[in-house]
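Here is the structure we will look at.
Readers should treat all values here as calculations from the given coordinates under stated rules, not as data from a laboratory. Values in this document were obtained by computation on a predicted structure and should not be read as measured data. Here the Cβ is made from the backbone with ideal geometry for all residues, glycine too, and neighbour counts use every protein chain on show.
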Number of protein chains: 2
Amino acid sequence: MIKAIILGFGNVGQHLYHAFSKTSKIDVIQIYNRSQINFSEGFQTNFTTEITQLKEADIYIIAVPDDTIKVLSETLSFKNKLVVHTSGSVPISYLSDNNKKGVFYPLQTFSKNAEVDFKTIPICIEANNKEDLESLKQLGLLISENVQEINSKEREQLHLSAVFVNNFVNYLYQVGSDLLMDNSLSFDLLKPLIIETAKKLESLNPENSQTGPAKRNDLKTIENHLHLLEGSPYKELYHKLTISIQEKYNGKKL
Amino acid sequence: MIKAIILGFGNVGQHLYHAFSKTSKIDVIQIYNRSQINFSEGFQTNFTTEITQLKEADIYIIAVPDDTIKVLSETLSFKNKLVVHTSGSVPISYLSDNNKKGVFYPLQTFSKNAEVDFKTIPICIEANNKEDLESLKQLGLLISENVQEINSKEREQLHLSAVFVNNFVNYLYQVGSDLLMDNSLSFDLLKPLIIETAKKLESLNPENSQTGPAKRNDLKTIENHLHLLEGSPYKELYHKLTISIQEKYNGKKL
C-alpha cells in the first residue's frame, strides 16, 4: 500500500485523486490545499489548509500552479521524503533540496466535468536515483499502462509540443466555432470532422493526412478564404498558417 | 433503387462508392474517370474514361478537383438530368445550366487507406427546387443519419471553418511531431492528448476547454517556449497563435 498526500486540489490534483481512488494499492491519506474546498457530502479523505499539518506519507505529490511549486516545496518542514511535482514545464531541480525529488507528469488535458481514462495517459516520470524512479514507476503503473522515463530537458520539449497539439488546436476549434456562429450555423456540423482528424493519426502520420488548399497550393480557394475573412480577427492567422504549410510541404518561401 | 454514376474516382469518389455499395437501394451503374484506374480483381462496376459514353442514370455525382467541376459539367452531352458536385467551396451556380443542379457535400476528410463511417458524417445538400432537394435528401439518408440543407453561401463558410479545424489542426499535429522527432521522442506520446482534446468537445465548448500559458497569460512559460523555438520555423507560428489566444480570451491587444 502506497501512502500518498496530494498538495493542491485543482484540476490535476482532483483527477489524480480520482485515479488513485480506483486502486486499492494507493491510499491518499491527506489532501492539502491553500484554500478551503467545498467537498461533496460523504467525502472522507483528511483535508488540511495548513502546510505544517501534513501527515507522514510515502510520497508527496505537488499539483499546484507552476510558479508556486518551488516555494511550496521549500515550505515543507520534513526531510528526505519523496516529493514530486506534476508539471510539464518545471525542471526537477526547482524542487527543494530538503527532500528526494521527482516528477510525475501525466501528459493529458484536465478540465472540470470531463472525466478522463488514465489507462492510456503517458505518465512521464523522473527522479534523481534508481530507487525513487522505481517507486514512481510502480505508482504510475497502478493507474496507467504507459509510464515513461522522461528527463527535464525532454519534458520541456514534450510540454511545448503539447501546447501545439492541445492549446493551439483547441483554439482552432474555437475559431471554427466562431466562424460558424457568425453565420448562424451549428458547431455540431464540424464535430465528426474534428474527431476523424484526430483519429486518423492511428493509421496515418500527419504528413500523409495533410490535405487542403495550402497543401495543394490552391491559390484561388486561399484567396477566396482570405476574402471571406476580411475584417475578421482570424484573417492573419489563416494567412500565417497557410504560409507555414506551403513552406513545410511545398518548399515555398513566400 | 437509385441509379447513380460517379464522375471522378479520387478520394471522395472512392469513399462515396464504398458507402453507396453498402446499401441495396443505390446502384452505382458506372464510374467515369479521366484516366484509367487499376481496379483490384473482381471489381464489377462498369468503368469508362470516355465522357461521351455515360449511361442513363437518376443522378450524376461529380467528384473531381474544384477547378475542373465547371468544365466537366459543361462537357456532359445530356440534358435535364440531376447533376451534383461534392465540393465544399464551389457554388451550385458553377454547374452547367444544361442539367438540374445540386450539391452533395460530405463534410469529412478523406484519405486513402483510412476507412470512414459515413453514418455520422454531415451530408450537406443543396438544389434549386424542392423535388431535387428531396431526391438528394433520400440519397443522403441512405448512407448518413445527418443530412443538412446548406446553401452555397453557408457551405463556403462551413468549408472555411473546416480548413481551420482539419487542415490547420492536422498541421499543428505535424508541428508537434517535428518538435518531438528533433528531440528523439516518439509522437505516440502525444496521441492520447490529441484524442482527448477532440473528444472533450462532446461535453465542453472550446472556450471552456481552453487551457495553457497563453490563456492564463503565463508570460514566463511563453518566453521559455519562444526561447526553445529559437531558430525553428515554428517560432513565429507559436507567437502568432499565442497573441491571438490572448486577444480572444484576455482582451489583450499586444
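The share of Cα pairs per 10 Å bin across the range B:2-150, counted from zero up to the longest distance, runs 11, 46, 37, 6, 0 percent.
Relative to the longest principal axis of the Cα atoms of chain B, helix B:219-228 runs at roughly 70 degrees.
Shortest first, A:VAL71 label-point distances to identical copies amount to 6.8 nm, with the label point at 7 Å from Cα along Cα→Cβ.
Charge tally around B:SER161: other residues with Cβ under 11 Å, Lys/Arg +1 each, Asp/Glu -1 each, net -3.
The string of couplings for the range B:154-168 from the Karplus curve (6.51, -1.76, 1.60, θ = phi - 60°) is 5, 5, 4, 5, 4, 5, 4, 4, 5, 4, 5, 8, 10, 4, 6 Hz, one whole number per residue in order, with x for Gly and Pro. Sorted from nearest, the other copies put their B:ASN128 label points 7.8 nm away, the label point being 7 Å from Cα in the direction of Cβ. Residues B:MET181, B:MET1 in ascending order of nearby Cβ atoms (within 10 Å, fewest first): B:MET1, B:MET181.
Each other residue within a Cβ distance under 10 Å of B:TYR105 adds +1 if Lys or Arg and -1 if Asp or Glu, for a net charge of 0. Note on the range B:207-234 and the range A:43-96: Cα centroid distance 25 Å, given to the nearest whole angstrom.
Look at the stretch B:207-216: the mean tally of other chain Cβ atoms within 10 Å of its residues' Cβ atoms is 6.
Couplings 3J(HN,Hα) for the range B:233-238, derived from phi with the Karplus relation 6.51 cos²θ - 1.76 cosθ + 1.60 (θ = phi - 60°), are x, 9, 4, 4, 5, 4 Hz, where x marks Gly and Pro. For the range B:171-254, the calculated P(r), taken from all Cα-Cα distances in 10 Å bins from zero up to the bin holding the longest distance, is 15, 41, 38, 6 percent. For chain B, pairs of C-alpha atoms spaced more than 34 angstrom apart make up 34 percent of the total. Compared with the dominant Cα axis of chain A, that is its longest principal axis, helix A:66-75 is turned about 10°.
Cross-linked pairs A:LYS119/B:LYS220; A:LYS22/A:LYS55; A:LYS112/B:LYS191; A:LYS215/B:LYS25: Cα-Cα separations exceed 26 Å for A:LYS119/B:LYS220; A:LYS215/B:LYS25. Considering helices alone, the calculated mean residue ellipticity of chain A at 222 nm is -11500 deg cm²/dmol, with DSSP H runs of length four and up weighted by -39500 (n - 2.57) and normalised per residue. Placing a label point 7 Å from Cα along the Cα-to-Cβ axis, A:LYS3 is separated from the same position in the other copies by 8.2 nm, shortest listed first. Hydrodynamic analysis of the protein assembly as shown uses the Kirkwood radius over alpha carbon pairs. Inserted into Stokes-Einstein at 10 °C and 1.306 mPa s, it gives a translational diffusion coefficient of 63 µm²/s.
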